[in-house]
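Student: Here you go, one structure.
The values are calculated or read from the model by the stated rules, or taken from the named source; none is laboratory data. Quantities reported herein were computed from a predicted structural model and do not represent experimental measurements. Here the Cβ positions follow ideal geometry from the backbone for every residue, glycine too, while neighbour counts run over all protein chains shown. Surface areas here come from the heavy atoms of the whole protein model, side chains and all, with no ligands, DNA or RNA. Shrake-Rupley method; radii C 1.70, N 1.55, O 1.52, S 1.80 Å.
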Amino acid sequence: MINEEDQRQKPELSVRGISASQGISYGQIFVYIQSDVEVPVFQVEKNKVAGEIARFEQALMVTRQQIQKIMAEVEKNLGAEEARIFDAHLLVLEDQALITETVRELEKTRTNVETCFNRIAQRYIKAFEEIDDEYLRERGGDIRDVAQRVLANLLGRTNQTLSKLVEKRIVVANDISPSDAAGIDSSQALGMVTDSGSKTSHAVIVARSMKIPAVVGVRDFTTKVQAGDWVLVDGYEGVVILNPSESTLIRYGQIQRQKQSYEQRLFEANSLPAITLDGVKLTLRANIEKVDEVELVKNYHADGVGLFRTEFLYLNSPEAPSEESQYTAYRTLAEQLAPSPVVVRSLDLGGDKPAQSQAHLFPKENNPFLGYRAIRFCLDQTELFKVQLRAILRASAHGNIQLMYPMISGREELGRANEILAECKAELSQKGIAFNKELKVGSMIEIPSAAMTADLLARDCDFFSIGTNDLIQYLIAIDRVNDRIAHLYEPTHPAVLRTLRHVVVEAHRAKIKVSVCGEMAGDPLYTPLLFGLGVDELSMTPPLLPAAKHILRNMTMSDAKKLAQMAMAMSSPKDINALCERFSADRLKA
Ligand code: PEP
Ligand code: MG
């Protein structure tokens, strides 16, 4: 372990990434290994081959002990049946083919053992994943899991789950999946740095809601660090400093104090109503992923929940959540926040959020964001969909629950979802189970075809909620989690503004309201623009509410409308962004 003193001897290295979650943190790193981690490749001399084999055997032994320890914990906490799942992992470790082929590869190629093992394991994983048999495909997943553990042990990096961080650390990873992020222990994770990712990847959205400073898209950062290194994360500017010098730490100490005092002033003013200088009352709601975030909704004075991402109930659980457990979750939210609304979004699994419990239903796809996800998945897996709809309906008897469907692409899809909802209502009525017969149902607008047919969709729903994260990705054809093209992901692209305006006009023509619940809504740079374009409500991660409220309490609605008009007449995303910056600069001062 490197102490801070030794650390100072190392040269400081400052790298730039994408600012993903605001805040500054400093601490020792914890390298988290994910599947496709880069494994160093080097040649070994003939007389070192036996040493490599011994290293391999040692790593297999340590891995076995780790798995047995997890089994014992699972057995104690969940029961013997659940612990049996890990039998398959132990079997992988005993797989003679995997072991002898690795040794043979080592002897033949004389490359280091982690490279040989990785090559053979990847070959096996690929072979299993291509098999048209559910059981055998799952075996591919087992091999992947165990292989990661063995690799981590060979590389001398602790393989772990983020929920079990034992000391306060800055998590450094090549990537973090939404399920990893959801399971993160926020009291121990000081910050997050990833090689890949972007502002709207779901792991980042989770970090933002937990107020964990994060910088993503730092390319090959994991190859530059060693376990125990000290690092400073500047989530405001998207900068990561490895081995910061004393003067850097002092400078950042000052910046942090200024930022904290600014944020504290905004937080204190946040209990005031969201009213513009010319007296227009606006609605700001919260986006949440977990039921216990209801406290955040209250602390940040949100007008209820504008987006409850229910897929997080599925992500880290070995089984799909039952109707009863979902009902309890939705009911708790409804009761705690009544009379404010809680907009529950039906399952949006798929894309970058395949659920562990449903993994067998998500075969590998070339374009997962264009594939089998969200409402497409639910309309195909109707039984699973109905379990959720019944839970939502039953909870609607206990507060102001509203329902919305993600990824609607056109009127037929919306109609089919509503038909299934009607079937659920009929089932409940037949059994005499209470639900709100007037339950409001909304459609998310996040696919260009939905935006273009907003007039048609408006006939069959009560409100729209624009998911700009996906809408921008599909409008500009920018993969929302690809850091290489993240600079092209421009919320102020004229195509985005025109689409937003079109949806607002059509919604208002049909006399329904429009909310925006994508990350654009939580950026104070765009709050005036969105309200100026005529959007009725914004919904965002709770910690972002104070800045949004502050800016709109310092603007007039008529200025926001002028801003939107000017922006609509402009052609360059950069110029529009600069216009928004000029508008908010003075108004963001506190
Ligand atoms: C969106 O796409 O903007 C949205 C809110 O949904 P998600 O980020 O969960 O895809
Ligand atoms: Mg979306």
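Student: Kindly provide the set of residues from region 100-114 that are part of a helix (DSSP H, G or I) and buried (at least 17 other Cβ atoms within 10 Å of the Cβ), ordered by number. Break it down stepwise before answering.
Tutor: Residues of region 100-114 part of a helix (DSSP H, G or I): 100-109, 113-114.
Matches in region 100-114: Glu101, Thr102, Val103, Glu105, Leu106, Val113, Glu114.
Student: Restricting to region 304-320, name every residue that is under 13 Å from Ile401 (Cα atoms) and away from ligand 2 (no atom under 14 Å from the Cβ).
Tutor: Taking region 304-320 first, the residues under 13 Å from Ile401 (Cα atoms) are 304-308.
Result: Gly304, Val305.
Student: Of all helices (runs of 4 or more DSSP H) completely enclosed by region 179-269, which ones contain at least 1 residues that are small (Gly, Ala, Ser) and over 24 Å from Pro543 (Cα atoms)? Steps first, answer last, please.
Tutor: Details: elements: 202-209, 221-224, 246-269.
Passing ranges, in order: 246-269.
Student: What are the residues in region 483-535 that are within 16 Å of ligand 2 (Cβ to nearest atom) and in a loop (DSSP other than H, G, I, E, B), if any? First the steps, then the outcome.
Tutor: Narrowing region 483-535 to residues within 16 Å of ligand 2 (Cβ to nearest atom): 489, 491, 496, 499-500, 503, 514-522.
Tyr489, Pro491, Cys517, Gly518, listed by residue number.
Student: Name every residue in region 233-276 that is more than 21 Å from Asp303 (Cα to Cα) and among the β-branched types (Val, Ile, Thr), in order of residue number.
Tutor: Narrowing region 233-276 to residues more than 21 Å from Asp303 (Cα to Cα): 233-262.
Correct list: Val233, Val239, Val240, Ile241, Thr248, Ile250, Ile255.
Student: Looking at (1) in contact with a Lys or Arg (Cβ under 6 Å, 6 or more places away or on another chain); (2) more than 13 Å from ligand 1 (Cβ to nearest atom); (3) not in a loop (DSSP other than H, G, I, E, B), which is the only condition Leu313 fails?
Tutor: (1)
Student: When the residues of region 541-555 are filtered to those that are open to solvent by less than 20 Å² (accessible area, probe 1.4 Å), assigned to a helix (DSSP H, G or I) and aliphatic (A, V, I, L, M), which remaining residue is nearest to His202 (Cα to Cα)? Explain how you work it out, then say what you get.
Tutor: We begin by selecting, within region 541-555, every residue open to solvent by less than 20 Å² (accessible area, probe 1.4 Å); these are 541-542, 545-546, 548-549, 551-552, 555.
Still in the running and assigned to a helix (DSSP H, G or I): 542, 545-546, 548-549, 551-552.
Then keep just the ones that are aliphatic (A, V, I, L, M); that gives 545, 548, 551-552.
Numbers: Leu545: 19, Ala548: 21, Ile551: 26, Leu552: 27 Å.
Restricting to residues being open to solvent by less than 20 Å² (accessible area, probe 1.4 Å), assigned to a helix (DSSP H, G or I) and aliphatic (A, V, I, L, M), the top hit is Leu545.
Student: So Ile478 fits all but one of (1) away from ligand 1 (no atom under 12 Å from the Cβ); (2) in contact (Cβ under 8 Å) with a residue 24 or more places away in the chain; (3) open to solvent by less than 50 Å² (accessible area, probe 1.4 Å); what number is the exception?
Tutor: In the conditions (1) away from ligand 1 (no atom under 12 Å from the Cβ); (2) in contact (Cβ under 8 Å) with a residue 24 or more places away in the chain; (3) open to solvent by less than 50 Å² (accessible area, probe 1.4 Å), Ile478 misses (2) alone.
Student: Within region 406-424, can one find any residue that is more than 16 Å from ligand 1 (Cβ to nearest atom), part of a loop (DSSP other than H, G, I, E, B) and more than 21 Å from Glu335 (Cα to Cα)?
Tutor: Yes: region 406-424 contains one or more residues that are more than 16 Å from ligand 1 (Cβ to nearest atom), part of a loop (DSSP other than H, G, I, E, B) and more than 21 Å from Glu335 (Cα to Cα).
Student: OK, next. Is it the case, given these coordinates, that Asp455 is of a type in the set (D, E, K, R), away from ligand 2 (no atom under 16 Å from the Cβ) and in contact (Cβ under 8 Å) with a residue 12 or more places away in the chain? Let's see the steps before the verdict.
Tutor: Values: of a type in the set (D, E, K, R): yes; away from ligand 2 (no atom under 16 Å from the Cβ): yes; in contact (Cβ under 8 Å) with a residue 12 or more places away in the chain: yes.
Yes; evaluated as a whole, the condition is true for this residue.
Student: Being more than 26 Å from the chain's Cα centre (by Cα) and modelled with pLDDT under 95 is the requirement here; does Leu579 meet it?
Tutor: Taking the combined requirement at face value, the residue does not satisfy it.
Student: Residue check, Gln258 against (1) within 16 Å of ligand 1 (Cβ to nearest atom); (2) free of Cβ contacts under 8 Å to residues at least 60 places away in the same chain, all met but one. Which one?
Tutor: Among (1) within 16 Å of ligand 1 (Cβ to nearest atom); (2) free of Cβ contacts under 8 Å to residues at least 60 places away in the same chain, Gln258 violates only (1).
Student: Turning to a different aspect of this structure: Of the residues Ala395, Ala334, Ala374, Ala391, which is open to solvent by less than 10 Å² (accessible area, probe 1.4 Å), away from ligand 1 (no atom under 16 Å from the Cβ), closer than 20 Å to Glu419 by Cβ and not polar (S, T, N, Q)?
Tutor: On the way: Ala395 fails: closer than 20 Å to Glu419 by Cβ; Ala334 fails: closer than 20 Å to Glu419 by Cβ; Ala374 fails: away from ligand 1 (no atom under 16 Å from the Cβ).
Checking each option against the conditions leaves just Ala391.
Student: Are any residues in region 232-242 more than 23 Å from the chain's Cα centre (by Cα) and buried (at least 21 other Cβ atoms within 10 Å of the Cβ), and if so, which ones?
Tutor: First, the residues of region 232-242 that are more than 23 Å from the chain's Cα centre (by Cα): 241-242.
Correct list: Leu242 only.
Student: Answer yes if at least one residue in region 196-204 is of a type outside the set (Phe, Trp, Tyr), at positive phi and surrounded by 22 or more Cβ atoms within 10 Å (Cβ to Cβ), and no otherwise.
Tutor: Taking region 196-204 first, the residues of a type outside the set (Phe, Trp, Tyr) are 196-204.
Still in the list and also at positive phi: 197.
Filter once more, so that each one left must be surrounded by 22 or more Cβ atoms within 10 Å (Cβ to Cβ): 197.
There is at least one residue in region 196-204 that is of a type outside the set (Phe, Trp, Tyr), at positive phi and surrounded by 22 or more Cβ atoms within 10 Å (Cβ to Cβ).
Student: Among the candidates Leu384, Leu379, which residue alone is more than 16 Å from ligand 2 (Cβ to nearest atom), in contact with a Leu (Cβ under 9 Å, 6 or more places away or on another chain), in contact (Cβ under 8 Å) with a residue 40 or more places away in the chain and not in a loop (DSSP other than H, G, I, E, B)?
Tutor: Values: Leu379 fails: in contact with a Leu (Cβ under 9 Å, 6 or more places away or on another chain).
Criteria check complete, one pass: Leu384.
Condition check ((1) in the same structural domain as Leu403 (by TED's automatic domain parsing); (2) within 22 Å of the chain's Cα centre (by Cα); (3) closer than 20 Å to Thr527 by Cβ) across all residues:
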{"position": "Arg251", "(1), (2), (3)": "no, no, no"}
{"position": "Asn270", "(1), (2), (3)": "yes, no, yes"}
{"position": "Ala274", "(1), (2), (3)": "yes, no, yes"}
{"position": "Leu284", "(1), (2), (3)": "yes, yes, yes"}
{"position": "Val291", "(1), (2), (3)": "yes, yes, no"}
{"position": "Ala302", "(1), (2), (3)": "yes, yes, yes"}
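Student: Can you name every residue in region 425-436 that is in a helix (DSSP H, G or I) and open to solvent by 40 Å² or more (accessible area, probe 1.4 Å)? Reasoning before the result, please.
Tutor: At the first step, the residues of region 425-436 found to be in a helix (DSSP H, G or I) are 425-430.
Lys425, Ala426, Glu427, Ser429, Gln430, listed by residue number.
Student: Within region 346-359, count every residue that is assigned to a helix (DSSP H, G or I) and open to solvent by less than 60 Å² (accessible area, probe 1.4 Å).
Tutor: We begin by selecting, within region 346-359, every residue assigned to a helix (DSSP H, G or I); these are 356-359.
Among the residues that remain, those that are also open to solvent by less than 60 Å² (accessible area, probe 1.4 Å) are: 357-359.
Result for region 346-359: 3.
Student: Identify, please: which residue in region 437-450 is more than 30 Å from Val496 (Cβ to Cβ) and open to solvent by 50 Å² or more (accessible area, probe 1.4 Å) and is, among those, farthest from ligand 1 (Cβ to nearest atom)?
Tutor: First, pick out the residues of region 437-450 that are more than 30 Å from Val496 (Cβ to Cβ): 437-439.
In the following step, the residues that additionally are open to solvent by 50 Å² or more (accessible area, probe 1.4 Å) were identified as 437-438.
Working: Lys437: 28, Glu438: 25 Å.
Checked region 437-450; the qualifying residue farthest from ligand 1 (Cβ to nearest atom) is Lys437.
Student: So Gln34 passes all but one of these: (1) modelled with pLDDT of 75 or more; (2) surrounded by 14 or more Cβ atoms within 10 Å (Cβ to Cβ). Which condition number does it fail?
Tutor: The single condition Gln34 does not satisfy is (1).
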